[in-house]
Each structure stands twice: as C-alpha cells, then as structure tokens.
Amino acid sequence: AVSSDVLVIEVSSGNCLYRLEGHTGVVTSVAFCRHIQHWLVTTAEDRTFKVWDLEQGSVVYKSGILCAAALTCIAMDPSLPSVAVGAADGVLRIFDLS
C-alpha cells in the first residue's frame, strides 16, 4: 500500500522498529545515509525530502517545496555526505548533509 509514513522493519523478526510520520504526500524513495549510520533520507510526492535521525525518532532536516513536480528518487554519495534528489520534472538536485 502507498503511504505518507515510513516503516522501518527488522528483517529477522518482522517487527516495526520505527514509524516515521511527517510527509503530506506518498513517500517515493528512501535511502540510508552512508556517513551517518542512523540517518535515513526520504522523498515524497509532497515535493520535499526529509532527513530522519532513527536514534531520536525525529526529523533532522525538512526541505521546503523544491519544485512543481513530485520528488521521485534519491541516491547517496558514497564518498561525501551528500544526497542527490531527482524529480518528475527531470531535474537532479544535490544537497550537502554535513
């Protein structure tokens, strides 16, 4: 099912570890931050991305509305603490997470 919530599930037990609420549109992508192990980045059809601290269960950063199109994908940089956010308008935006 599609949802504006993000569920982090423990694979071995099937238990829900975290339920992250805050997007107002359907969540379209998620990625763990390679440089800060307990951070998770999400994008949504609400045209925003969020950085979540799983240890705190809270939002570390919430972008403003980035464009007129839904955000559709994210990719973490393997060597720098940055994230690339793609949108349905074909534009890729890069953000520094440090």
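The values are calculated or read from the model by the stated rules, or taken from the named source; none is laboratory data. Computed from a predicted structure; not experimentally measured. Every residue, glycine among them, receives a Cβ derived from its backbone with ideal geometry; neighbour counts consider all protein chains shown. Side chains included, ligands, DNA and RNA excluded: accessible areas come from the protein's heavy atoms. Shrake-Rupley method; radii C 1.70, N 1.55, O 1.52, S 1.80 Å.
Step through the residues of the stretch 55-67 one at a time and calculate ³J(HN,Hα) from phi using the Karplus curve (6.51 cos²θ - 1.76 cosθ + 1.60, θ = phi - 60°), rounding each to whole Hz and writing x for Gly and Pro.
3J(HN,Hα) across the stretch 55-67, in whole Hz: 5, 8, x, 9, 7, 8, 8, 10, 6, x, 5, 8, 6.
Classify the chain: rounded, prolate or oblate, from the alpha-carbon gyration tensor (a ≥ b ≥ c, eigenvalue square roots; a/c under 1.5 rounded; otherwise prolate if a/b is larger than b/c)?
oblate
Just to confirm the filter: which trypsin sites (Lys or Arg not before Pro) across the stretch 1-67 are DSSP coil and have at most 16 other Cβ within 10 angstrom of their Cβ?
Hits after loop and neighbour filter: 34.
Can you tell me the equivalent ellipsoid semi-axes for the stretch 45-98? Use √(5λ) from the Cα gyration tensor, largest first, whole Å.
Three semi-axes, in Å: 19, 15, 8.
Per residue of the stretch 5-12, in order, report the coupling 6.51 cos²θ - 1.76 cosθ + 1.60 (Karplus, θ = phi - 60°) as ³J(HN,Hα) in whole Hz, putting x for Gly and Pro.
9, 10, 10, 9, 10, 6, 4, 5
How much of the accessible area of the chain, in percent, comes from carbon and sulfur atoms when a 1.4 Å probe is used?
53 percent
So which GluC sites (Glu not before Pro) in the stretch 16-85 pass both tests, a DSSP loop state and at most 13 other Cβ atoms within 10 Å of the Cβ?
21, 55
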